[in-house]
There are 2 protein chains.
Amino acid sequence: MENRWQALKPDETLSTPLYLQLSRKLADAINAGWWQADEALPSERTFSEELGISRVTARKAMDVLLEQGMIRRRQGSGTFITPRLEQPLSRLTGFTEQLRLRGFVPSSVWLERGVFPPSNEEVIKLGLSPTSMVARLKRQRLADGVVMAIEMSTMPVAYLPDPQSVGTSLYAHLDAAGHSVVRALQHIRAVNASGEIAQLAGIRPGEAMLLITRIGFNADNVAIELTDTYCRNDYYDFVAELKR
Amino acid sequence: MENRWQALKPDETLSTPLYLQLSRKLADAINAGWWQADEALPSERTFSEELGISRVTARKAMDVLLEQGMIRRRQGSGTFITPRLEQPLSRLTGFTEQLRLRGFVPSSVWLERGVFPPSNEEVIKLGLSPTSMVARLKRQRLADGVVMAIEMSTMPVAYLPDPQSVGTSLYAHLDAAGHSVVRALQHIRAVNASGEIAQLAGIRPGEAMLLITRIGFNADNVAIELTDTYCRNDYYDFVAELKR
DNA sequence: CACGTTAATACCACATTAATACCACGTCAA
DNA sequence: TTGACGTGGTATTAATGTGGTATTAACGTG
């Protein structure tokens, strides 16, 4: 435990400001999992004493991480690690909410929005009759204006009669319509980007991407959503905290 | 019975709140079967007197367990242990167990097993002093004789003094040595296979692979394990069930 | 010299902790 | 039936520890 303070200690002799040195080391420490999600960090005063710096300096270092959304402060209580992007194993949240949590501005560019006949795969996975129709949404997912992922969603028209009316958050739209996704099965694989996907994502063909395939179920345990998300590997990093 | 009160007694000198200390010890005691299911615990006043703390503090400790559903209160009557039949949390399982569950026969081929000086990254993530040494394990992971992944684990020698003695399951070995990994932080990314990895994995260079980086912590929240696993995308498919 | 950045000190506002004292409900024996 | 007693429930409080902020001194840079 003592080693940890040693590792965080900024170097007075360097020209980079103490608070910046500390903020970087602290970010590394958090990413390395030194503290659990939702757990309080040591207090600003503790940092100050252990590292031999003033409290305000410690605080300023934490300010940086605060702006990045990595930590969260509660006056009188403490400073807490923001629950990670993911928690893919325990919590179900859409892309929009996840990014907003981190302080990014999420947006989408629609590539396709309409009603089509279903593919064979969709018929099977959604349990459709072949004659029914599906609503399809295809879009670029942006964070602060940068393309992070390409997403393709499919739903039976019954649950999304008017695809054009979906705003940024599909999940919010479904909630409002009374068709909330309550449970989802998510497969994560690695794939090489095809020419089309690569172009849309702004990367070279063949680059490795995360492909997340999700089947969403409503409260009656009926599959109502099928989504493929191609995530740029340079931006996406799924983090899960496991316990036993 | 006197020993029991002693074991439950919180330590005033520690910085963790009395009620939290007590709630943890109490949870352990319940799990250890000190009282039968549906049996009344000692009253809040009894706890207060025996442990030399205020009644409200004892009560607050029990509040924690109440929220976890471990106990149940009946005003005027007493506090009772909830009969348990569940086990909610996401499970932490190693590669070996996962494959066995699916009916495959897991095996490993060792590529490297020894003691080395740590890299910079390892020093930081494991909180080492630069002069200490680490044990390194590198192996091919097979299922039914087919290479599925390349895995590289690093641990401080203190926790794995003799790398040669590890069998197929690292986690089983650690459990036996009393150094169980209790919590882990797992990063999942997509990467293009390098020449070396591709050769070891039996695929073409540049193929997309899942890279799983895991930091394992022991019960004292000290990082004791660092593992990079390169998974063949044609075999590996991460599945998560999400709920909200 | 003027100015912004850096880092310190000192004080303010709020939350949590853990105590005391009193209230309300159940149990059970007279 | 009833009332004494033991159970959990709650309001209040003081102390401590947390983040929030204004101010100031030192330093580097234009």
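Between A:V191 and A:W35, what is the label-point separation in nm under the 7 Å Cα-to-beta-carbon projection?
3.9
Multiply the residue separation of A:V182 and A:T213 by 0.36 nm, subtract the distance between their alpha-carbon atoms, and state the gained length in nm to one decimal.
9.5 nm
Are there trypsin sites (Lys or Arg not before Pro) in segment B:98-191 that DSSP marks as loop and that have at most 13 other Cβ atoms within 10 Å, and which are they? Please report the intermediate quantities before stating the final value.
Values: sites: B:R100, B:R102, B:R113, B:K125, B:R136, B:K138, B:R139, B:R141, B:R183, B:R189; in loops: B:R102.
Those satisfying the criteria are B:R102.
Which whole-Hz couplings ³J(HN,Hα) result when phi for each residue of segment A:173-187 is put into the Karplus expression 6.51 cos²θ - 1.76 cosθ + 1.60, θ = phi - 60°, listed in order with x for Gly and Pro?
Residue by residue, segment A:173-187 yields 4, 5, 4, 4, 7, x, 10, 5, 7, 9, 9, 9, 10, 10, 10 Hz.
Please state the relative contact order of chain A as a whole percent: Cα pairs under 8 Å, 6+ residues apart?
Over chain A, the number comes to 14 percent.
Going through segment A:1-83, which GluC sites (Glu not before Pro) have at most 10 other Cβ atoms within 10 Å and a DSSP loop state?
For GluC sites (Glu not before Pro) across segment A:1-83 that sit outside H, G, I, E and B with at most 10 neighbouring Cβ atoms in 10 Å, the list reads A:E12.
Quick query: amide H of A:I224 versus all other amide H atoms, modeled in the peptide plane; which residues come in under 5 Å with a sequence gap of 5 or more or a different chain?
A:G216, A:F217, A:N218
With label points built 7 Å along Cα→Cβ from the Cα atoms of B:D144 and B:V56, find their separation and express it in nm.
So the two model labels end up 6.4 nm from each other.
What are the ³J(HN,Hα) values, in whole Hz, obtained from phi via the Karplus relation 6.51 cos²θ - 1.76 cosθ + 1.60 with θ = phi - 60°, for each residue of segment B:191-204 in sequence order, with x given for Gly and Pro?
9, 8, 5, 6, x, 5, 4, 4, 4, 5, 8, x, 10, 7
Need the C-alpha centroid separation for segment B:19-33 versus segment B:173-197, integer Å.
Here the two parts' Cα centres lie 31 Å apart.
Please tell me the relative contact order of segment B:1-81 in percent, rounded to the nearest whole number, where contacts are Cα pairs under 8 Å and at least six residues apart.
31
Points 7 angstrom from Cα along the Cβ direction at B:S15 and B:R74: gap in nanometres?
4.3
Over segment B:124-244, what is the mean sequence separation of C-alpha contacts under 8 Å (at least six apart), divided by residue count, expressed as relative contact order in percent?
On the way: 219 pairs, mean separation 31.6, N = 121.
Relative contact order here is 26 percent.
Work out the length of the dipole vector of the protein assembly as shown about its Cα centre, built from +1 on the beta-carbon of each Lys and Arg and -1 on the beta-carbon of each Asp and Glu, and round it to the nearest 20 debye.
Taking the Cα centre of the protein assembly as shown as origin, the dipole is about 540 debye.
Please give the net charge around B:D11, taking every other residue with its beta carbon less than 14 angstrom from that of B:D11, where Lys and Arg add +1 and Asp and Glu add -1. Before the final figure, lay out each step's value.
Working: positive: B:K9, B:R24, B:K25; negative: B:E12.
Charge balance in the 14 Å sphere: +2.
Over the protein assembly as shown, average the accessible area per residue using a 1.4 Å probe and give it in Å², no decimals.
50
Which of the lysines could be linked to A:K25 by a straight reach, that is with a Cα gap under 18 Å, when you skip same-chain ones fewer than 8 residues away?
Once the sequence-local lysines are set aside, what remains near A:K25 is A:K9, A:K60, B:K125.
Can you list residues whose amide H is under 5 Å from B:L41's amide H, if they're 5+ apart or on another chain and H is modeled 1.01 Å from N?
Here the answer is B:T79, B:F80, B:I81, since their amide H atoms fall under 5 Å of that of B:L41.
Determine ³J(HN,Hα), in whole Hz, for all residues of segment B:162-170 in sequence, where each value follows from phi through the Karplus function 6.51 cos²θ - 1.76 cosθ + 1.60 and θ = phi - 60°; x replaces Gly and Pro.
Those phi angles translate into 10, x, 5, 8, 6, x, 6, 10, 4 Hz.
The values are calculated or read from the model by the stated rules, or taken from the named source; none is laboratory data. Source: prediction; values computed, not measured. So basically every Cβ, Gly included, is an ideal-geometry build from the backbone, and we count neighbours across all protein chains shown. Ligands, DNA and RNA are excluded from the accessible area calculation, which covers all protein heavy atoms including side chains. Shrake-Rupley method; radii C 1.70, N 1.55, O 1.52, S 1.80 Å.
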